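The values are calculated or read from the model by the stated rules, or taken from the named source; none is laboratory data. Remember, predicted model here, so these are calculated numbers, not experimental data. Methodologically, a virtual Cβ is constructed for each residue, glycine included, from the backbone with ideal geometry; neighbour enumeration extends over all protein chains shown. For accessibility, only protein heavy atoms count, side chains too; no ligands or nucleic acids. Shrake-Rupley method; radii C 1.70, N 1.55, O 1.52, S 1.80 Å.
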Amino acid sequence: MVSNTMKRKTRKGKKILLAKEPQIIENDKQTMILKGAKTSGMVNDVLADMYKIRRQNTVMMAKSNPFLPFEDTQPLLDLLAKKDTSMFLFGSHNKKRPHNLVFGRTYDGQMLDMLEFGVTGFKKLCQFKQPKIPLGAKPCLIFNGDMFERYPEWGVVQNYLCDFFNTTKTSSINLQGLEYVLSFTACEPNILMMRSYEVNMKKSGTSTPYVELDEIGISLDLVLRRTQVATPEMKKLALKQPKAAKIGKTKNVTHDLAGSKLATVHMTKQNLEEMPQSRMKGSRKQEDGEFKKKRKRKVKEGGDPEKEEEEEEDEAMETS
């Protein structure tokens, strides 16, 4: 959130503040990955691998930050506002909460919700020999288990994971481009298992290909510790869409199978007799030449060409 008292005199400063203001169509969400005052080797590996699979629109902070997100959120909010990021992944380690991960997101400069997990099992990307997914590949998210529907806090977990791994927005996707799957399985008691697979499509003799899944990492086992969800009022504000962003139905406009826009235009009845018509260049020259010859002929005969032209126009008006 940009403070109203903050002013910039230079053109570059004004442009930066203008880009941070709310937009009708927002840009892709930026994510910050940062470390706490103390971390373990497992937490560092998890943060590094999460950055590798989520490095698009992601900022990785190298320095340690003595933050306590659940106790005091203001220092973390200030850092997120400085880097213009709305989502974060915070890793820390202590005796009370070993191998700790905190996922969170903000709205309008305020903390929207936070999810705290403990890492109980982890396999790094380098432990898998399969080729890795290229940068920019959109994953297919699969959620297994009825806990996502039975418990409200697990519904927030599902919503956050969709928001976290949805790097760019697309309206459609080609079946051949589906090569990356992230599977999340929730089971009692408060355990979340994350697995990553590569999709291999093979011929099956039918129109539907035969699909094989090969695990490529990362493999992560988490246990849910603490949650801080948004209030109903803040959640309503966060989901509200501006009127300018809503696409209304346009009358008399349709689209064909090729995606072209077809429109019906209603016009009043036109009077073709009063419509000005342009003559062709060739016919205009021919008429001008005949008019000049006719005028010279009348001058030789000793008549008044202008008077005769007026009489011809009067006769034409009377006959019409």
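Note on Arg11 and Gln110: their simple-model spin labels are 3.8 nm apart, each label 7 Å out from Cα toward Cβ. Extending 7 Å from the Cα toward the beta-carbon at both Leu237 and Met61 defines two label points whose distance is 2.4 nm.
The relative contact order of segment 111-216, computed from alpha carbon pairs under 8 Å that lie at least 6 residues apart in sequence, is 27 percent.
Per atom type, segment 161-270 shows carbon and sulfur on 55% of its accessible surface, probed at 1.4 Å. In segment 69-134, Cα pairs under 8 Å separated by at least six residues give a relative contact order of 23 percent.
Shown here for segment 24-93: chymotrypsin sites (Phe, Trp or Tyr not before Pro) in loop regions (DSSP other than H, G, I, E, B) with at most 16 other Cβ atoms within 10 Å, namely Phe70. Qualifying trypsin sites (Lys or Arg not before Pro) in segment 119-196, where qualification requires a DSSP coil assignment and no more than 13 other C-beta atoms within 10 Å, comprise Lys129, Lys169.
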